[in-house]
1. Do we find a residue being at pLDDT below 90, in a helix (DSSP H, G or I), out of contact with any His (no Cβ under 8 Å at 6 or more places or on another chain) and not polar (S, T, N, Q) anywhere in region 571-582?
2. Which of the residues spanning region 774-793 are farther than 20 Å from Leu747 by Cβ and modelled with pLDDT under 90?
3. Taking Asn307 as meeting all but one of (1) open to solvent by 40 Å² or more (accessible area, probe 1.4 Å); (2) touching a residue at least 12 places away in the same chain (Cβ under 8 Å); (3) of a type outside the set (A, V, I, L, M, F, W, C), write down the number of the exception.
4. Identify the single condition in (1) in contact with a helix residue (DSSP H, G or I) (Cβ under 7 Å, 6 or more places away or on another chain); (2) open to solvent by 30 Å² or more (accessible area, probe 1.4 Å); (3) farther than 26 Å from Leu368 by Cα; (4) not aromatic (Phe, Trp, Tyr) that Asn435 does not satisfy, given that it satisfies every other one.
5. Could you list, in sequence order, the residues of region 783-824 that are part of a helix (DSSP H, G or I), in contact (Cβ under 8 Å) with a residue 60 or more places away in the chain, open to solvent by less than 40 Å² (accessible area, probe 1.4 Å) and not polar (S, T, N, Q)?
6. Name the one entry in Lys702, Lys767 that is closer than 21 Å to Met640 by Cβ, at pLDDT below 85 and surrounded by fewer than 17 Cβ atoms within 10 Å (Cβ to Cβ).
7. Just give me the residues in region 744-764 being open to solvent by less than 20 Å² (accessible area, probe 1.4 Å) and of a type in the set (Lys, Arg), in sequence order.
8. Going through region 438-469 one residue at a time, which ones are closer than 30 Å to Thr290 by Cβ and either open to solvent by 90 Å² or more (accessible area, probe 1.4 Å) or not in a helix (DSSP H, G or I) (or both)?
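The values are calculated or read from the model by the stated rules, or taken from the named source; none is laboratory data. What you see is a predicted model, and the numbers here were worked out from it, not measured in a lab. Quick reminder, even Gly has a Cβ in these numbers, built from the backbone with ideal geometry, and neighbours come from all protein chains shown. SASA here: full protein model, heavy atoms, side chains in, ligands and nucleic acids out. Shrake-Rupley method; radii C 1.70, N 1.55, O 1.52, S 1.80 Å.
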Amino acid sequence: SLLVKFLAQFKSFMIIVLLVAAVVSGIVGYLNGNGFTDAIIILVIVVANAIIGVFQEAKAEKSLDALEKLSSPHCEVVRDGQVKTIETRELVVGDVVLIETGDAVPADLRLVETVNIKVQEAALTGESVPEEKFTHPVEGEVSLGDRDNMVYTSSCVSYGRGKGIVVAVGMQSEMGKIASMIQSVGDIQTPLQHKLDKLGKILAIMSMAICAFIFIVGVLYGRDMLIMFMTAVSMAAAAIPEGLPAVSTIVLAVGVQRLAKKNAIVRKLPSVETLGSTQVICSDKTGTLTQNKMTVVALFANGKINNMGSTQVIPMDSKNEKTIIRIANLANDATLSEGDNAYTTTGDPTETALIDLGMKCNFNKNLLEEQFPRVDEIPFDSERKLMTTVHDEDEDHYAVYTKGGLEELLSCCTHIMEGEEVIPLTDQRRENIRNTNNQLAAKALRVLAMGYKKVTKSIPIIYEQLEDNLIFVGLVGMIDPPREEVKLAVAKCREAGIKPVMITGDHKITAIAIAEVLGIKQGRDRALTGIEIEQLSETELRKIVDEVSVYARVSPEHKVRIVKAFQKNGKIVAMTGDGVNDAPALKLADIGVAMGITGTDVSKEAADVVLTDDNFATIVSSVEEGRRIYDNILKAIQFMLSTNIGEILVLFIAVMANWISPLLPIHILWINLVTDSLPALALSVDPAEEGIMQRNPVDSRKGIMTKSFSLLVFLQGILIAALSLWAYHIGIQTNLVTGQTMTFVVLAMSQMTIIFSIRNGFRSAFKGMFSNKYLLGALAIVLALMLVVLTIPALYPIFHITKLSGLLWCYVVGLSIAPLLITEIVKFFFYWKKK
């Protein structure tokens, strides 16, 4: 429910600390007679943070609802010897179900009758081409995609018809098992959530230690216990950056909007940061790394292979080539629909690819069919692996066109066409053709052979002899080609220290070929199949998972095991997918990325990010954006902590030296809520640093407060505190209020200058100083608010300050600019000079 989602926002340790701080501030304010202002402001910040989180995560998990939607509402069964139409939910194990072209399979079925049936199982197996199904037994342990005598819930019949016996329904089906896995995967805490929780605990312990220490020291100095208690609590409040949860949430929300413009829709807010920490990207092949469209890339004719990869119109000059194109388009059941400026094809992906080849070569299937109408046919048969059509060619002859598997076609051929000639098909020529076929197959191409002959119309057609004495014409090689932009994206991944991994349901040879072209598989990288994964224990898989870049013929369980193996090795894993079979791994991964175009509802609901263009390159650009966001959050944390440490040290040193406090609670509250929060928010849109994708991902096992980060924060805090106390020392020569006023102004204004040094890291603060217009705007607002407080006498009593003289203003301005100048000098000697 909405309430539960709202309450879930308060699980963070940092938020709990802030709530405790609000309660304590309220009690102290009440005892002190200052009211509940501090407590109310802290609560407003916490609640605003929760509302932003709920708004961004408004879509609840609906995986099971989506699974229900995938079920076919009605199906045909044979009961009591009669064909009946019933609701799918009424199916039971043992029912006999009839399926035909266009039907969604209503349950897991063991086929007992098939007529040229092909089933699209991409949602389960990830393979783009429909699978042929048979009734014969399948021997041995085989993966889901190789169980040729089974069809499964959510798959779709794309060709033919069949009859099967229900062997599993509901949660016992393969789809149900996936649903169970989705339910069993809990919510994964992101690296940033973990680090902020850890930081919150550090700050809470530090705050309590400071409280206790200051209270004891004050009492030992003989001060009033209540006053010391209130002072200690004020210091503890100063240690906690109240705006940090809101700032981090808003930084992520801004990142969400930027990613949406880059075709990545973020469903869960913290996922943005996780993208930046990604160390492994496990990607599906079909449609993500490839175009999800079978394309003819090679044509073997006249004894040589022609590259057909060009998008330009390709002239077919020889009779041999023209005959291949004619056979490919006429012995073809796919359809061509023409528009004004474009065309569409419908049918089996292999056959639509042949129509595309024809259009590329200026052969229009519809015009060919008008010129050579089909008069008879022998449909494709999975046992023959051939399809033959008979066409009216001229007054005296029919043309017989056959396409299919190479060995099956070669056994029917007695001659071969080379150029304009038809010559006998010798054993040597047969061997050359087989070698060419192997050469194309080694490149993971799906190869079809083409043959033809002419028959005299005066002689009756005898079906048994129709495919005898054919003339071999050539071969056509096709593949689902890789996306052009993915190769560059993969190279960018490797440069950024990210390991790209292909996990697919396709065959191993195809997966390896695509992976090598894209640069995913390099050098000694290994490739494993699902069957090989089955033979490995969890420990064995963990040991070799970093060496494997290609996983083929995998099941949903394998994908989950692979993701877990990477995670147990301490890796932050991004997993992409589009099918129902991908959903458990998508949910388990640190960042689940679903495809928006081809993705099922289940995969989208299980994912953290949905790509609207189904493109691997978009994931890489999203990682780059995630890194920029992570950097900016670190900048905000560094800025807020260093300024807060500066406040603590000012109060701490004053108490230890037994001075009257240089800062009052109203000063601390104003600095924390005005001069801290607005500039920190503006850092969220800081541009990406140079070379952001040339460095390794952030180690997720390291906390935010690393040694170097902590040292930097404390040094900056010490610098701010030293300059503020210097201002106090100058001002107190006049009177206490002047000293407190100068401390207040220098502490606030020095934050506005040191932020330029923080946002540029080791680079010069003056390089790109004005590149972030939002930061300049935020600083202008803070400066304006400070000037309002410092120049309107009516506000002096509220803030316990006084008017400063011209000379004192010179001191204030000089001390406020000093942090920037000092840090730049340090950078020069310790970084630039060394470099």
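1. Pass one, region 571-582, residues at pLDDT below 90: 576-582.
With in a helix (DSSP H, G or I) added as a condition, the list becomes 580-582.
From what is left, the residues that are out of contact with any His (no Cβ under 8 Å at 6 or more places or on another chain) are 580-582.
Then drop every residue that is not not polar (S, T, N, Q), which leaves 580, 582.
Yes, some residue in region 571-582 is at pLDDT below 90, in a helix (DSSP H, G or I), out of contact with any His (no Cβ under 8 Å at 6 or more places or on another chain) and not polar (S, T, N, Q).
2. The answer is Tyr774, and nothing else.
3. (2)
4. (1)
5. Met786, Val789, Phe799, Leu808, Val812, Leu815, Ala818, Pro819, Leu820, Glu824
6. Values: Lys767 fails: closer than 21 Å to Met640 by Cβ.
None of the other options fit; the residue is Lys702.
7. Once the filter is applied, which keeps residues that are open to solvent by less than 20 Å² (accessible area, probe 1.4 Å) and of a type in the set (Lys, Arg), region 744-764 yields only Arg759.
8. Residues of region 438-469 that are closer than 30 Å to Thr290 by Cβ, as a first pass: 438-451.
Asn438, Gln439, Lys443, Ala444, Leu445, Arg446, Val447, Leu448, Ala449, Met450, Gly451, listed by residue number.
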